[in-house]
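**Student:** Can you keep this structure in mind? I'll have questions shortly.
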Amino acid sequence: MEINSVTALLKYADQLKDISDTAVLDVELLLSHALDVDRAWLKTWPEHVLLSAQVVIFEDLFARRLTGEPIAFIIGSQGFWSLDLKVTPQTLIPRPETELLVETSLALDLPDNCRAIDLGTGTGAIALALAKERPNWQLTAVDSEPAAVKLAELNSHYCQIDNVMIYQSDWFRQVPLLGRLSNYHLIVSNPPYIEIDDPHLTQGDVRFEPASALVSGVDGLDDLREVIGSSVKYLEALGWLLVEHGYRQGSTVRELFRAAGFISIETKTDFNQLQRITMGCLPQAG
Ligand code: GLN
């Protein structure tokens, strides 16, 4: 086998086995990035020999992965739903688990011109996926971090999505109350929900992500309490709230929904059979 061929460089995966559960995929992504080709190209041209400058670029990317840096930050993007989103270390990397929130929202019986808001949008993942699927919906996406607002705007531009309004707001604080007959039909959020002393925070990808996007007080529920408690004022009658949460938080979150006055409360499990999102509906007015 030719040294510096695609096949030879893919073997770097062996060195990553202890660091990553997806070592082969990681190296394919890094190599595709270094060569500016897609992964299918690597399969088609296994004997292709890289120029030495390309090898240097690849080895540089690979060295970063060896330190544990997430692939999404190294290559600057992450697939979510049908979108390719830019990511930066100022935002959470969109997770496949969060696609359940998108899928469940799309399955609800909502008006054609649905008004929906995504709280703590980060890269814009949830809002942009919904906007892409439902061009007639009017979406709003807010985040308290200016860097996230900028990134979500950039992503909306790259994905050519024009039905999302994005601005800075700390949860609902800067969101105007639209009035009784023009509130939101749908509120979605994947807020931070990790306990401050959770040992997982010192392992894997999350070490490189901003604590503000991950951690929420001693029991991990500070932000969920705020989102669930204040959503009631911003929803239409029969409007829905859907939130993502930790796999052990399902029963507490359902209780928070009940206490806030929601009905039809339900928790859905993700592809690992873990309780991951909870939803509830506001009762008919009057
Ligand atoms: N809404 C974004 C996402 O799901 C960011 C969530 C967050 O920062 N906690 O990817």
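**Student:** Quick check on my filter: what residues within the stretch 255-286 are closer than 17 Å to LEU186 by Cα, open to solvent by less than 40 Å² (accessible area, probe 1.4 Å) and either part of a loop (DSSP other than H, G, I, E, B) or in contact (Cβ under 8 Å) with a residue 60 or more places away in the chain (or both)?
**Tutor:** Hits for the stretch 255-286 are GLY261, PHE262, ILE277, MET279, LEU282.
**Student:** Tell me yes or no: at least one residue of the stretch 247-254 is under 24 Å from ARG115 (Cβ atoms), away from the ligand (no atom under 16 Å from the Cβ), without any contact (Cβ under 8 Å) to a residue 24 or more places away in the chain and not in a loop (DSSP other than H, G, I, E, B).
**Tutor:** Scanning the stretch 247-254, I find no residue that is under 24 Å from ARG115 (Cβ atoms), away from the ligand (no atom under 16 Å from the Cβ), without any contact (Cβ under 8 Å) to a residue 24 or more places away in the chain and not in a loop (DSSP other than H, G, I, E, B), so the answer is no.
**Student:** Residues that are more than 13 Å from the ligand (Cβ to nearest atom) and buried (at least 19 other Cβ atoms within 10 Å of the Cβ): does the stretch 78-94 have at least one?
**Tutor:** no
**Student:** Can I ask one more? Go through the stretch 35-46 and give me each residue that's open to solvent by 60 Å² or more (accessible area, probe 1.4 Å) and closer than 20 Å to GLU59 by Cβ.
**Tutor:** ASP36, ARG39, TRP41, TRP45
**Student:** Among the numbered criteria (1) over 26 Å from GLU69 (Cα atoms); (2) loosely packed, with under 15 Cβ neighbours inside 10 Å; (3) hydrophobic (A, V, I, L, M, F, W, C); (4) within 12 Å of the ligand (Cβ to nearest atom), which single criterion is violated by LEU224?
**Tutor:** The one condition LEU224 does not meet is (2).
**Student:** Shifting gears a bit: Given the structure, is GLU28 within 16 Å of the ligand (Cβ to nearest atom) and open to solvent by 10 Å² or more (accessible area, probe 1.4 Å)?
**Tutor:** Values: within 16 Å of the ligand (Cβ to nearest atom): no; open to solvent by 10 Å² or more (accessible area, probe 1.4 Å): yes.
Against the criterion (within 16 Å of the ligand (Cβ to nearest atom) and open to solvent by 10 Å² or more (accessible area, probe 1.4 Å)), GLU28 does not qualify.
**Student:** Still on this structure: Among the residues in the stretch 98-120, are any under 16 Å from the mean Cα position of the chain (by Cα), within 10 Å of the ligand (Cβ to nearest atom), surrounded by fewer than 17 Cβ atoms within 10 Å (Cβ to Cβ) and more than 18 Å from ASP223 (Cα to Cα)?
**Tutor:** Looking through the stretch 98-120, none of the residues is under 16 Å from the mean Cα position of the chain (by Cα), within 10 Å of the ligand (Cβ to nearest atom), surrounded by fewer than 17 Cβ atoms within 10 Å (Cβ to Cβ) and more than 18 Å from ASP223 (Cα to Cα).
The values are calculated or read from the model by the stated rules, or taken from the named source; none is laboratory data. Keep in mind the model is a prediction, meaning the values are calculated, not measured. Glycine also receives a Cβ, built like all others from the backbone with ideal geometry; neighbour counts cover every protein chain displayed. These accessible areas exclude ligands, DNA and RNA; they are computed on the full protein's heavy atoms, side chains included. Shrake-Rupley method; radii C 1.70, N 1.55, O 1.52, S 1.80 Å.
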